[in-house]
1. Based on the Cβ-Cβ distance of A:Arg285 and A:Ser103, what FRET efficiency does E = 1/(1 + (r/R0)^6) give at R0 = 56 Å, to the nearest 0.05?
2. Once a ≥ b ≥ c are taken as the square roots of the eigenvalues of the Cα gyration tensor of the range A:237-303, is the result rounded (a/c under 1.5), prolate (a/b larger than b/c) or oblate (a/b not larger than b/c)?
3. Which is the longest part of chain A that has none of the GluC sites (Glu not before Pro) sitting in a DSSP loop with at most 16 other Cβ atoms within 10 Å?
4. Per residue, how much space in cubic angstrom lies within the convex hull of the C-alpha atoms of the range B:187-259?
5. Would you mind estimating how fast the range B:65-143 diffuses translationally, via Stokes-Einstein at 20 °C and 1.002 mPa s with the Kirkwood radius over Cα pairs, in µm²/s?
6. Note the angle between two axes, namely the Cα long axis of helix A:151-163 and the longest principal axis of the Cα atoms of chain A, as a number of degrees from 0 to 90, rounded to the nearest 10.
7. Compute, for the range A:9-233, the length of the dipole vector about the Cα centre, with Cβ point charges of +1 (Lys, Arg) and -1 (Asp, Glu) only. Units Debye, rounded to 20.
8. Taking only Cα atoms and a 10 Å spring cutoff, compute GNM fluctuations for chain A and point out the largest among A:Ser103, A:Ser293, A:Ser197.
Amino acid sequence: MATVVPATNSQVNDSAGVISLDNLSVTFGGRPILRNLQGELRGRSIGLLGPNGAGKTTLIHTLLGFHQPSSGTARIFGSDIRGEANKIKRLIGYMPERDAFISKMSCIHFVRFMAELSGLPAATALERAHEALFFVGLGEARYRNVETFSLGMKQLAKLAQAVVHGPRLIFLDEPTNGLDPPARQRMIRMIREIRDSGQANIVLSSHLLRDVEECCEEIVILKDGRLVVYCNLEEERKANKKFLMLETRGELQQFVEGVGALGCECALTSDHRLKIILQDGTEIRDLYRLAASSQVQIRRLTYKRDSLEDIFLKAMENGNVGPLTQ
Amino acid sequence: MAVLERAYKRYEGALSPEWSRFLIIPRHAFRDVFRSKIFTGLYALSFAVPLLFAVLIYLRHNPVALTIFQLNVVNLLPIDEKFFLAFVQIQGWTGFFLALLVGPHQVARDLTNNGLPLYLCRPFSRSEYVVGKMSIVTLLLSTITWVPGLILFLLQSYLEGWSWFAANIPIASAIFLGSLVWIVLLALLTQTISAWVKWRLAASAALIGLVFIPSVFAAILNEMLETHWGNILSIGALITNVWSGLFGTFVRQAAAARQIRNGVVIREVLMTEPPLWASWFVLFLISAFCLWLLSRKVKAYEVVK
């Protein structure tokens with residue numbers, strides 16, 4: 001078949017955020033599922049977190065054009081989901097949550113077919129289908145029918161069809177569902193490889209905090225269809241380097257006064273434990289010097305940071321809209 | 001991406017034209033369809049009638065062959081609109097049985113395993129999906145109906161001369177249009193049934209039932225009410241009327257029911273067919289209903305209210 005249309009990746013507005021939500025609401029049968037979502041996501045990998053029924057999958061489906069917003073809109077790479085759905089679909093790959101394949105098709109045929117539907121010429125589609133299946137680790141099983149695959153293999157086949165056409169943005173809906181620990185590790189490694197390649201942005205929807213923590217730079221937490229937390233994990237990690245937990249031995253009075261004199265905030269949490277917030281210009285070696293002069297032993301020094309679980313639990317308890325605060 | 005490197009790489013190459021993407025569906029479907037030896041055999045067999053008709057046309061114009069076979073030209077079928085109508089009817093019903101084998105699982109196989117979101121998350125619309133699926137039956141049946149029909153018409157024109165061709169152009173358009181109406185109807189019926197009945201055997205049975213069971217009711221109604229308006233229920237009768245209309249052989253007063261006693265006609269009822277527009281209208285309604293049913297099923301995800 002003649003291939004006359006240039007690839008559309010060059011048409012992408014690179015200055016725009018990956019996903020911009022502009023008061024996006026979705027209602028099904030009078031019941032609001034997503035309520036006034038607002039924000040701009042720019043990370044290479046964006047985690048979509050929330051309990052079951054929070055609206056994660058609905059948000060992805062709306063961004064993919066499967067559901068019409070009841071009000072507001074969203075933009076992907078600057079293109080509006082309401083009016084430029086086809087332009088958006090040229091840029092994205094989608095790995096659905098549920099089993100999704102075409103029966104009585106070999107895996108290579110299935111992935112090639114999907115690549116052709118994405119617009120790749122037949123010969124290129126076949127070539128890339130082979131590559132994608134080797135990439136996900138199904139190279140040896142590519143001539144088997146997908147319905148004969150195990151659950152883990154089906155997940156990999158879904159990932160292969162999502163990446164075969166080399167999209168700029170990949171939506172992964174619960175990619176580790178039903179995977180055993182080694183398979184989960186493989187899946188996480190592949191997602192990180194795609195992220196680190198810098199060739200594609202990833203939106204990972206999951207209720208498994210560990211998956212998101214391992215793969216994502218930015219997270220959005222949804223609760224009851226509302227965006228309750230937006231958090232840039234990378235920024236948080238950098239910021240958290242200022243929060244220290246110290247375990248000490250010795251008389252702490254002089255040490256605490258010294259820490260105060262350095263301009264740092266300090267709190268005793270027990271007889272031997274201290275929480276310290278370092279100020280700009282204060283180094284950890286200053287604390288060691290101070291400890292040596294105060295006859296205090298520092299037995300353990302750790303960076304205190306909120307785990308994603310802490311963030312998630314706080315969000316579930318408070319349900320506050322807005323950026324995460326320490 | 002490369003097999004050896006095994007690294008993710010964005011695709012920046014050329015893309016196929018968007019208008020032609022619906023054809024990807026039949027291309028891949030034919031690969032599967034012709035894997036079945038039974039189907040391939042039946043498909044090959046469906047060319048027997050066009051071949052026979054071609055032989056009849058050839059014999060009619062070849063005195064030497066007629067002499068060899070000791071045939072008189074008057075014993076052969078006249079090559080006129082009835083000749084081509086018979087061809088369209090035979091091939092049309094052959095096409096029905098081929099559609100029965102090919103059509104009923106085309107949409108079902110995508111719906112059963114949630115394959116639809118994979119189509120629709122790509123630059124591929126619901127209409128392109130439906131057109132793509134319909135074109136499986138449409139392209140396949142075209143090769144045994146109007147394509148050989150027009151070849152026969154051209155063969156006859158070649159042998160008979162330009163004046164015959166010019167005088168009988170309406171036959172060519174009737175071959176094309178009549179076949180196309182039937183093919184599109186079959187494509188819609190098979191895809192709709194396929195979308196709603198996931199089990200292949202049940203879907204095939206439903207298609208047979210939909211075409212033949214109303215014909216039985218139509219016959220009963222015709223008999224009871226002494227009319228042919230019952231044919232409005234029968235897809236077979238409707239398409240036959242449409243074909244006859246296109247070939248110019250349609251007669252509304254098809255038969256007369258007579259009650260004779262002692263050799264005297266005591267009652268005569270004219271059995272009138274429904275008018276042609278009614279047949280077209282009912283076929284249109286059936287097609288519209290199929291499209292509506294398809295539009296309800298062909299969605300990435302169903303929203304349960």
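Readers should treat all values here as calculations from the given coordinates under stated rules, not as data from a laboratory. This structure is a prediction, so every number in the text was calculated from the model and none was measured. Don't worry about glycine lacking a Cβ; one is built from the backbone with ideal geometry, like all the others, and counts go over all protein chains shown.
1. Values: r = 65 Å, r/R0 = 1.15.
Efficiency at R0 = 56 Å is approximately 0.30.
2. Working: a/c = 1.65, a/b = 1.33, b/c = 1.24.
Taking the square roots of the gyration eigenvalues as a ≥ b ≥ c, the range A:237-303 is prolate.
3. On the way: sites that count: A:Glu84, A:Glu251, A:Glu283.
Result for the longest clean stretch: A:85-250.
4. Values: hull volume 6.8 nm³, N = 73.
Roughly 93 Å³ of hull volume per residue.
5. Working: Rh = 16.2 Å.
Translational D for this selection: 132 µm²/s.
6. 80 degrees
7. Numbers: 27 positive and 23 negative charges, 63 e Å.
Charge dipole, the range A:9-233, about its Cα centre: 300 debye, nearest 20.
8. Comparing A:Ser103, A:Ser293, A:Ser197 in a Gaussian network model of chain A, the most mobile one is A:Ser293.
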